[in-house]
1. If I go through the stretch 141-154 residue by residue, how many of them are in contact (Cβ under 8 Å) with a residue 24 or more places away in the chain and surrounded by fewer than 22 Cβ atoms within 10 Å (Cβ to Cβ)?
2. In the stretch 294-307, what residues are loosely packed, with under 15 Cβ neighbours inside 10 Å and not in a helix (DSSP H, G or I)?
3. Considering only residues that are free of Cβ contacts under 8 Å to residues at least 40 places away in the same chain and either of a type in the set (D, E, K, R) or open to solvent by less than 10 Å² (accessible area, probe 1.4 Å) (or both), look in the stretch 197-221 and name the one that is nearest to VAL235 (Cα to Cα).
4. Hey, does the stretch 113-122 have a residue that's at pLDDT below 95, under 29 Å from LEU269 (Cβ atoms) and aliphatic (A, V, I, L, M)?
5. Report, by residue number, each residue of the stretch 139-189 that is in a helix (DSSP H, G or I), within 22 Å of ALA285 (Cα to Cα) and of a type in the set (A, V, I, L, M).
6. Filter the stretch 281-291 for residues that are farther than 13 Å from THR156 by Cα and assigned to a loop (DSSP other than H, G, I, E, B); which is least open to solvent (accessible area, probe 1.4 Å)?
7. Of the conditions (1) over 30 Å from VAL194 (Cα atoms); (2) surrounded by 10 or more Cβ atoms within 10 Å (Cβ to Cβ), PHE310 clears all except one; give me its number.
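The values are calculated or read from the model by the stated rules, or taken from the named source; none is laboratory data. Quick caveat, the model's predicted, so the values are computed rather than measured. For neighbour counting, all protein chains shown are included, and Cβ atoms are generated from backbone atoms with ideal geometry for every residue, glycine included. SASA here: full protein model, heavy atoms, side chains in, ligands and nucleic acids out. Shrake-Rupley method; radii C 1.70, N 1.55, O 1.52, S 1.80 Å.
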Amino acid sequence: MSLPEFWFFVIAFFFVGYFVLEGFDFGVGMLMPILGRHPDAATGEKRRRAVLNTIGPVWDGNEVWLITAGGALFAAFPEWYATLFSGFYLPLLLILVALILRICAIEWRGKIDDPVWRRRCDIGIGIGSWVPAVLWGVAFANIVRGVAIDENKKVTAGFFDLLNPYALLGGATMALVFALHGAVFIALKTSGDVHEDSVKIAARLSVPAVLVGGTFALWTQLAHGKTWTWLLVAVAAVALLLVVALTAKVREGWAFVFTSVAIVAVVVLLFASLFPNVMPSSTDAAFDLTITNASSSPYTLKVMTWAAAFAAPVVLGYQAWTYWVFRQRISSAQIPDSIGLTVKS
C-alpha cells in the first residue's frame, strides 16, 4: 500500500469516527425541543437539560474528529483540500457558522436563568444540529457524484448546482439517520420519562430512516459503487432493519450499536465509491483529482505517518476513558434548579 492510499484510508477513518460520534450529537440537538415538551414549564426545562446533558461531557471531544480530518486532508492532500474548500465554499461556510452557533448556544445556555435566553439558545442548538447534518450529506453526495472541475482544478459549479436530487437525498439520509442515532443514544443514556419518550421517537424514526437511507445507499451503489461494495449496502440495510426490531423491543444498547454500524457502512460506501479518485470531475475524467495527483510529497506523508502513530493511540485512549467515566444514565429528576445569573428587568 502506498502512502497516499494509506492516508486516504486514514481520512476516511476520521470521517467515519466523526459521523458516528458527532452524528448522535446532532440527533440530540434535533430532538431536544421535541423531548422537552411538557405542560409544566419547569418540568419541560429539566427534560431539555437532561437531554442536553447526555452529550455534555463528550460533544466537544467528538468535534475533534472533524478538526483532525480537516488537518489531515490539508496536509496529505492539499490539492483536494483547495479544490473542495473553494468549490464548496458556501455550504462549508454554512456548516462552520452553524457549528459555531451550536457551540455558543450549548456553552452559554445555562449562564443566565431566563426562559427567553434559554429558548434562543435552544434555537441555536437546533440550527447548529440540523444545518450541518443536512449539508454534510449534500456535500459528500456531490463529492461522490462529481462536480464540474476545470483543467486548473477549480470547481466551476455554482451553489444551486449542488442541490441536485441525489445530493438532496444524501442530505435527507444524513438528517434522518442522525436523528435516529440521537434518539437511540438518548434512550441509552437516560431513565424515566425522557427514556420512554426517546424510545417512542426512535421507533417512529426507524422506518423512514430505513426507506430513505436504503434508497440513497442503493442509488450510490448503482451509480458509483463497485462489485464488492454491495456488501456495504447489505450491511447498512440489515443494520437499519435490526434497529427497527430492536427499538420495538426497547433494546437501546444493541440498537445504538447497529445505528453506528449503519453509519459506518454508508460512509465507507461513499469513500469506497470515490477510490482512487478524491474528487471526480463531471465534465472531463482527465480533470479528476486522484490520490496520486492530489497528494503531498512522500516525505510529508512519511512525517505525518510517524506523528499519527504516536499521537492517535493517546487521543483514542483518552476519549474512550471519557465515555467510560460518564457512562451512567441521567433522568430529569436528577437535574437541579438553574443557577444561572438573573436578568434585571
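1. Going residue by residue through the stretch 141-154, those that are in contact (Cβ under 8 Å) with a residue 24 or more places away in the chain are 141-151, 153-154.
With surrounded by fewer than 22 Cβ atoms within 10 Å (Cβ to Cβ) added as a condition, the list becomes 145-146, 148, 150-151, 153-154.
Total satisfying the criteria: 7.
2. If we filter the stretch 294-307 for residues that are loosely packed, with under 15 Cβ neighbours inside 10 Å, which is where we start, we get 297-299, 302-303, 305-307.
The answer is SER297, and nothing else.
3. Filtering the stretch 197-221 down to residues free of Cβ contacts under 8 Å to residues at least 40 places away in the same chain leaves 200, 204-205, 207-211, 214, 218.
Remaining after also requiring either of a type in the set (D, E, K, R) or open to solvent by less than 10 Å² (accessible area, probe 1.4 Å) (or both): 200, 204, 209.
On the way: LYS200: 25, ARG204: 21, ALA209: 15 Å.
Ranking the qualifying residues of the stretch 197-221, first place goes to ALA209.
4. The answer is no; no qualifying residue exists.
5. Passing the criteria: ALA139, ALA141, ILE143, VAL144, LEU162, ALA167.
6. Going through the stretch 281-291, the residues farther than 13 Å from THR156 by Cα turn out to be 285-286, 288-291.
So of that shortlist, the ones also assigned to a loop (DSSP other than H, G, I, E, B) come out as 288, 291.
On the way: ASP288: 27, ILE291: 11 Å².
Once the filter is applied, the top-ranked residue is ILE291.
7. (2)
Listed here are the residues, each with its yes/no results for (1) over 26 Å from ALA76 (Cβ atoms); (2) in contact with a Phe, Trp or Tyr (Cβ under 9 Å, 6 or more places away or on another chain).
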| position | (1), (2) |
| --- | --- |
| ALA209 | yes, no |
| PHE216 | yes, yes |
| THR227 | yes, no |
| ALA236 | yes, no |
| ALA248 | yes, no |
| VAL278 | no, yes |
| PRO298 | no, no |
